[in-house]
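One structure below.
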Amino acid sequence: MLFKLTDEQLMIQNMVREFSRKVIAATAAERDKTKAFPADNFKQMGELGLMGMMIPEEYGGEAADAVSYVLALSEIAYSCASTSVVMSVQNSIVCESLNKFGTEEQKQEFLVPLAEGEMIGAFALTEPDAGSDPVSQSTTAVRDGDDYVINGTKRFITSGQNGKVVLVTAKTDETTGHRGISCFIVPKGTPGLVVGHTEDKMGLRASDTTDLIFENCRVPAANMLGKEGDGFKIAMSGLDSGRIGIAAQSLGVAQAAFDAAVKYAKKRKQFGVAVTKHQAIRFQIADMATQIEAARQLVFSAASTKDRGENYTREASIAKLFASEMVQDVTARAIQMHGGYGFTKDYDVERFYRDARVFTIYEGTSEIQRIVISNSVLKDKRKP
Ligand code: CAA
């Protein structure tokens, strides 16, 4: 392996691997059927320090580096992609945004319980008519005395049902484009915040995805995250970190599909020999191993760029683009290697294939990643 992990990073990887394969994996297939939200697992993950890994210890986190975080997230995704998306949104977009932009009071009230895993957080940017283009969102927040009154509908919100606090973006000035978007911290139970339709998805079925409807939802001005007009910047910087997470999630699911396919191929006999004797299968294995390793290096590269304190927007989008496309191919090949059995629910590869499908869509589609990457290349004077 090109990238050399430290002893501490290896220790975190091993600890999470053991927990994930014992605890998370045990109910993953069942939760895919029942859509049960694994609240107990998240409680244990909080106790292990997995829900606010990169947050300073004084705010309930582990002060872990981003490389340790991607190792942990991949290990959770290996067993259950639904669990890993909740972990990803919580760690990156929710906790990191609060840590970076929150006041001391906001950190004490919201970041500490989030980072300790006592509650789940959600991030609400997308709307029915504003997905890839969040600047065109129509949710508004109007100042009224010491409060803001929020109106609008957010869509496809991860943990919209089970989240206890929501970071929501809304227009505070409709005339200034992205500079007119602000971000608010809205606890569940705030009058006027209603959980709407829950999506019935092809994958990630144990992670709830809902509409959040804001109807004259009044929040104190003290709940604004950052300054008025900071909302788009908060969302974009949160998504930089989030995209490394989705790349790590892709890696974990791809590794799980690959391991399952290799295990199956070693046992399966056709034409009188183990199928691993056939070049057709050996070449599949070689291609999959190569794709996964390439993605792993890109994920580590993005995470370590972040750890060095450098701008990592380009690296995050490159890792997300490559790894999320890679896992489409690897999970499809894993099914192919299982033959007809791969198409049944008796084998996990069917779930991996369904779960992975959204990875090229959420937290910025592959097309959006190409926009971010090409913008960076064309504007940046860095050598590629
Ligand atoms: N960090 C900080 N600021 C950033 C930034 C970044 N990575 N990228 C851009 N900005 C700032 C720019 O500096 C600029 O600010 P100033 O004008 O003040 O200098 C401002 O944002 C606008 O920048 P652009 O002109 O580049 O922005 P744009 O309007 O052209 O849009 C985009 C850029 C990349 C297309 C962006 O709209 C985008 O990322 N779209 C995809 C949205 C997305 O990923 N949605 C996912 C939903 S969340 C989700 O899926 C979570 C979940 O639940 C799983």
Can you tell me how many residues within the stretch 266-283 are basic (Lys, Arg), open to solvent by 100 Å² or more (accessible area, probe 1.4 Å) and under 14 Å from Ala334 (Cα atoms)?
2
If you check Ile157, Ile244, Ile181, which single one turns out to be near the ligand (Cβ under 10 Å from one of its atoms), open to solvent by less than 10 Å² (accessible area, probe 1.4 Å) and within 22 Å of the chain's Cα centre (by Cα)?
Ile157
Being surrounded by fewer than 14 Cβ atoms within 10 Å (Cβ to Cβ), in contact (Cβ under 8 Å) with a residue 40 or more places away in the chain and more than 22 Å from Lys164 (Cβ to Cβ) is the requirement here; does Ser136 meet it?
no
Is it true that some residue in the stretch 100-112 is within 15 Å of the ligand (Cβ to nearest atom), more than 23 Å from Ile371 (Cβ to Cβ) and assigned to a helix (DSSP H, G or I)?
yes
Looking at Met119, Met54, can you tell me which residue is under 30 Å from Gln9 (Cβ atoms) and either within 15 Å of the ligand (Cβ to nearest atom) or touching a Phe, Trp or Tyr at 6+ places or on another chain (Cβ under 6 Å) (or both)?
Met54
Tell me, which residue of the stretch 80-105 that is over 13 Å from the mean Cα position of the chain (by Cα) and open to solvent by less than 10 Å² (accessible area, probe 1.4 Å) is nearest to Lys233 (Cα to Cα)?
Ser97
Can you confirm whether Gly131 is small (Gly, Ala, Ser) and open to solvent by 20 Å² or more (accessible area, probe 1.4 Å)?
yes
Residue that is farthest from Lys201 (Cα to Cα), among those in the stretch 45-55 that are open to solvent by less than 10 Å² (accessible area, probe 1.4 Å) and touching a Cys at 6+ places or on another chain (Cβ under 8 Å)
Ile55
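Per-residue answers, yes or no, for (1) open to solvent by 10 Å² or more (accessible area, probe 1.4 Å); (2) in contact (Cβ under 8 Å) with a residue 60 or more places away in the chain:
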{"position": "Ile12", "(1), (2)": "yes, yes"}
{"position": "Arg17", "(1), (2)": "yes, yes"}
{"position": "Arg21", "(1), (2)": "yes, no"}
{"position": "Asn41", "(1), (2)": "yes, no"}
{"position": "Glu57", "(1), (2)": "yes, no"}
{"position": "Glu62", "(1), (2)": "yes, no"}
{"position": "Ala66", "(1), (2)": "no, yes"}
Flag for Thr27 being crowded, with 18+ Cβ neighbours inside 10 Å and not acidic (Asp, Glu)
yes
Per the filter on the stretch 160-178, residues under 18 Å from Thr209 (Cβ atoms), more than 13 Å from the ligand (Cβ to nearest atom) and part of a strand (DSSP E or B) are Val165
With the requirement that a residue be more than 10 Å from the ligand (Cβ to nearest atom) and either open to solvent by 80 Å² or more (accessible area, probe 1.4 Å) or in contact with a Gly (Cβ under 9 Å, 6 or more places away or on another chain) (or both), what does the stretch 371-382 give you?
Leu378, Lys381, Arg382
Leu212 being within 15 Å of the ligand (Cβ to nearest atom) and within 19 Å of Phe123 (Cβ to Cβ)
yes
Hey, Arg205 touching a residue at least 12 places away in the same chain (Cβ under 8 Å), away from the ligand (no atom under 11 Å from the Cβ), over 23 Å from Ala141 (Cα atoms) and not in a helix (DSSP H, G or I) or not
yes
Suppose we filter the stretch 284-325 for residues that are among the acidic types (Asp, Glu) and buried (at least 20 other Cβ atoms within 10 Å of the Cβ); how many remain?
1
Which one of Gly196, Gly229 is assigned to a loop (DSSP other than H, G, I, E, B) and farther than 29 Å from Ala72 by Cβ?
Gly229
Could you please let me know if Ala72 is surrounded by 20 or more Cβ atoms within 10 Å (Cβ to Cβ), away from the ligand (no atom under 13 Å from the Cβ) and closer than 30 Å to Tyr353 by Cβ?
yes
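The values are calculated or read from the model by the stated rules, or taken from the named source; none is laboratory data. All figures in this text were calculated on a predicted structure; none of them were measured in a lab. Positions of Cβ are generated from backbone atoms using ideal geometry, with glycine treated the same way; all protein chains shown enter the neighbour counts. Quick note on the areas: whole protein, heavy atoms, side chains included, nothing else; ligands and nucleic acids left out. Shrake-Rupley method; radii C 1.70, N 1.55, O 1.52, S 1.80 Å.
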